[in-house]
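Colleague: What follows is a single structure, and I will ask about it in a moment.
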């Protein structure tokens, strides 16, 4: 019997290391866009308000994830115990989900268990459910990153913690597809400029909704004397 050598980290459990389940099939759907349209009599097509109602951004519905595994060779009694263990751990719970073939990102969602076992040797277990439309970088800009899960094609090394601002400092942030308002912390009052607008930050944590990290290059220019940290985690489809 073939059993895959790739597994999935679901919360604190790994399907291969903890349950002996390596996937044999994975189906990951892409999310459907939330569109806002109005049918106008006498007009060809429809009026599409999608971008205008969301500030130029497109919002998405959840996406589907299905993971199929062949069951290890176990009798029905032992396997029923293992299935109950898996079901009790994950059914209905919102978890971080990290695929072994994409270890630099995680999904967030809820999975359910479906089992089919016809004899001692052969059987299939499926973990499926809906996850949020974006996958997120495993490490935020304030967390230590690791080489083991770093992808040289898609990975971005971020280190925006304890930046010393003594006069003027420009921070370049490569943004992912999901628009995110970062949390900016500072130990002294400092000013920050973004896209032509200047904001004053107070000591402590600041969330300025005018500073929204978009896809592409984003420049934050700090002025003053302070130690600054920018908490950002990229998300992409």
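Here, each number is a calculation from the coordinates, and none is a lab measurement. What you are looking at is a predicted structure, and each value in this text was computed from that prediction instead of being measured. Cβ coordinates were reconstructed from backbone atoms using ideal geometry, including for glycine residues, and neighbour counts include every protein chain displayed.
Colleague: Take the alpha carbon atoms of the range 134-237, find their radius of gyration, then divide it by 2.2 N^0.38 Å using N residues; give the quotient. List each step's numbers first, then the result.
Modeller: Working: Rg = 13.6 Å, N = 104, 2.2 N^0.38 = 12.8 Å.
Dividing the Cα radius of gyration by 2.2 N^0.38 Å gives 1.06.
Colleague: Determine, for each peptide in 22-35, 132-145, the mean count of other beta carbons within 10 angstrom over its residues, then list the peptides with the highest first.
Modeller: Going from most to least packed, we get 132-145, 22-35.
Colleague: Follow-up question, since we're still on this one. From the helices alone, meaning DSSP H stretches of at least four residues, give me the mean residue ellipticity at 222 nm for the chain, per-run term -39500 (n - 2.57), in deg cm²/dmol to the nearest 500.
Modeller: Numbers: 3 runs with 24 residues, N = 237.
-2500 deg cm²/dmol, from helical runs alone.
Colleague: From the C-alpha gyration tensor of the range 155-212, pull out the three semi-axes of the equivalent ellipsoid (sqrt of 5λ each), sorted largest to smallest, in whole Å.
Modeller: Working: eigenvalues 70, 42, 27 Å².
Each semi-axis is the square root of five times an eigenvalue, giving 19, 14, 12 Å.
Colleague: What list of whole percents do you get for P(r) of the range 87-199, with Cα-Cα distances grouped in 5 Å bins up to the one holding the largest distance?
Modeller: Going out from 0 Å in 5 Å bins, the range 87-199 shows 2, 8, 14, 16, 14, 12, 11, 8, 5, 4, 2, 2, 1, 1, 0 percent.
Colleague: When only C-alpha pairs under 8 Å and at least 6 residues apart count, what is the relative contact order of the chain, in percent?
Modeller: Details: 514 pairs, mean separation 40.5, N = 237.
Over the chain, the number comes to 17 percent.
Colleague: Across the Cα atoms of the chain, what radius of gyration and what greatest pairwise Cα-Cα distance (Dmax) are found, in Å?
Modeller: For the chain, the Cα-based Rg and Dmax read 22.9, 72 Å.
Colleague: At a Förster distance of 41 Å, what's the computed FRET efficiency of residue 43 paired with residue 110, Cβ-Cβ distance as r, to 0.05? Write out the running numbers ahead of the final one.
Modeller: Numbers: r = 42 Å, r/R0 = 1.01.
With a Förster radius of 41 Å, E is 0.50.
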